[in-house]
Amino acid sequence: MTNPSRPSFWAEKYQPDYPPPWDLGQAAPPFVEFLDAHPELTPGKTAVVGSGLGNDALLLAQRGFDVMGFDFVETAVARAIRAAADAGLSAKFLQRDVFELGNEFAQQFDFVVEHTCYCAIDPARRNDYVQAVYEILKPGGHFIGLFWCHDRQGGPPFGSDMKQVRDRLTTKFKILSFDLAQTSIESRQGQEYLGLFKKTLAIASQLQQSYKRVPQPVPYAL
């Protein structure tokens, strides 16, 4: 039985002579369109989770973002580092478990970018994934996600739908936009949704309000 939670599962997909089947060989076209349409976004410190061979990370670096890519697989990280060097870009890449990033990079990023990471992980861990993204974003930081939502059985890539993704993200983020991507590659047309989400402080506020409602002890008078 395949286990996408193990690095060895993904390492087998990275053969020397050809890219893994999900790699586009370029940045995802919806990201290019998104950045062109949002010149008001001030480049900042950016994490690309499940960065693979680095295509999307390198696009962001070209646009002035301070990029750090994270991937489970040592081979992918090494190849992404070489690609950045060949392109003369300063993007950095590290081998890390996405679910553990909060231990090392808590509240360090202005942006987190997702593309085919959500659909690659064990669906039982999707809430953990959303929490991991939330933890590494600065307060008020933005999550940019391109979600591949298909209905095929099995995986990875595992299926999902827009409503499931939306419902899960609204527990942690304010949805600024979330729409069907118009420039997806042909094989994913009608299946990819691009969203911009803002980290909220709603949970912290709720905890604070709950604390205020707890009766406080009356000081003992001598």
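Please treat every number below as a calculation from the coordinates, not as lab data. Values in this document were obtained by computation on a predicted structure and should not be read as measured data. So basically every Cβ, Gly included, is an ideal-geometry build from the backbone, and we count neighbours across all protein chains shown.
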Quiz item: How far apart, in nm, are two points set 7 Å out from the Cα along the Cα-to-Cβ line at Lys163 and at Leu41?
Solution: 2.8
Quiz item: So for the pair Lys198, Gln131, with labels modelled 7 Å out along Cα→Cβ, what separation do we get in nm?
Solution: 2.6
Quiz item: Binning every alpha carbon pair distance of segment 25-213 at 10 Å from zero, what are the percents per bin?
Solution: 9, 37, 39, 12, 2, 0
Quiz item: Using 7 Å Cα-to-Cβ label points, what is the Glu74/Asp97 separation (nm, one decimal)?
Solution: 1.7
Quiz item: So between Asp151 and Ser90, what do we pick up on full extension, going 0.36 nm a residue minus the alpha carbon distance?
Solution: 18.2 nm
